[in-house]
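Working notes, structure below.
The values are calculated or read from the model by the stated rules, or taken from the named source; none is laboratory data. Please read these numbers as outputs of a predicted model, since none were measured by experiment. A quick note on method: Cβ atoms are made from the backbone with ideal geometry, for glycine too, and the neighbour counts reach across all protein chains shown. In case anyone asks, the SASA skips ligands and DNA or RNA and just uses the protein heavy atoms, side chains included. Shrake-Rupley method; radii C 1.70, N 1.55, O 1.52, S 1.80 Å.
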Amino acid sequence: MAEQHPQPGEPAPESAPVRDSGSRILRWAAAAAILGTLLVYNSLNPSGSDTANGVPAAPPAAAASSTPGSADAPSAASTTAPAMTRSVPTRLSIPSIGVDAAFVPLSLGADGTLTPPPMSTPNVVGYYADGPTPGEKGPAIVAGHVDTKTGPAVFLLLSLVKPGATASVTRADGSTATFKVDSVQTYSKAEFPDQKVYGDTADAQLRIITCGGTFDKTKQDYKDNVVVFAHLASSKS
């Protein structure tokens, strides 16, 4: 999948829509119903295999020796918090799309691509265990499924995240790293910008990746990847 480019998993849709207002709940419920119907339909695999996982395969290891990238970095006007020490992430929260999911570690497969979270646990998110952990200096890679053959997954609504939204990561040392979204991009897997997504950064950043775009029934895979770019805005011990 190194050639296919990132396919960091797409864990299943996580929690229910944000419950901060009745109208907002209704909007998210409607969006979830529509997207869920379309994505679940697209992910059906006539062959009965599990290849239609909609998980982007990412080769973050290749970025370890790359030069720092500036694309999608926080602007000068943004408040960037100091990087944190390394600590395993335990839970991801993205209130604007109702995500509240547990983390599982991910590693690279024999082909050099990121192994996605298990299809049997679509409501979890994965993090690249050999890269920076969320809050550490560098681009922390988080991946999850958009749907599975049995229903929507944790990142069903990831493409609807807006710049300025927050994503908080609870960590094993008891601290919390809160990131602010800078942009949300959709890239063709055939032309995935590895350097832009996985390239080293001068501060603590987060990349949240899932599948998106049109579902290719022949290849049993989505044609695109959705990538959320975010920077560390604050931390709490």
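Some notes on this structure:
- Residue ID - nearest to the chain's Cα centre (by Cα), chosen from residues in region 120-140 that are β-branched (Val, Ile, Thr) and open to solvent by less than 10 Å² (accessible area, probe 1.4 Å): Val125
- Condition met for Ser159 (in contact (Cβ under 8 Å) with a residue 60 or more places away in the chain and assigned to a helix (DSSP H, G or I)): yes
- Residue within region 77-96 that is open to solvent by 60 Å² or more (accessible area, probe 1.4 Å), modelled with pLDDT under 80 and not acidic (Asp, Glu) present: yes
- Failed item in (1) surrounded by fewer than 23 Cβ atoms within 10 Å (Cβ to Cβ); (2) under 21 Å from Thr85 (Cα atoms), with Arg207 passing the rest: (1)
- Cβ pairs under 8 Å, 6+ apart, first in region 189-212 and in contact (Cβ under 8 Å) with a residue 12 or more places away in the chain, second in a helix (DSSP H, G or I) and aromatic (Phe, Trp, Tyr): Arg207/Tyr198
- Residues satisfying the stated conditions in region 154-184, i.e. buried (at least 17 other Cβ atoms within 10 Å of the Cβ), in contact with an Asp or Glu (Cβ under 6 Å, 6 or more places away or on another chain) and over 12 Å from Gly98 (Cα atoms): Asp182
- Going through (1) free of Cβ contacts under 8 Å to residues at least 24 places away in the same chain; (2) in contact with a Pro (Cβ under 6 Å, 6 or more places away or on another chain); (3) not charged (D, E, K, R) one by one, Gly144 falls short only on (1).
- Cross-chain or 6+ apart pairs with Cβ under 9 Å, region 82-93 first and touching a residue at least 12 places away in the same chain (Cβ under 8 Å), then among the basic types (Lys, Arg) and not in a strand (DSSP E or B): Ala83/Lys137; Met84/Lys137
- Residue in region 126-140 that is in contact (Cβ under 8 Å) with a residue 40 or more places away in the chain and over 25 Å from Ala81 (Cα atoms) present: no
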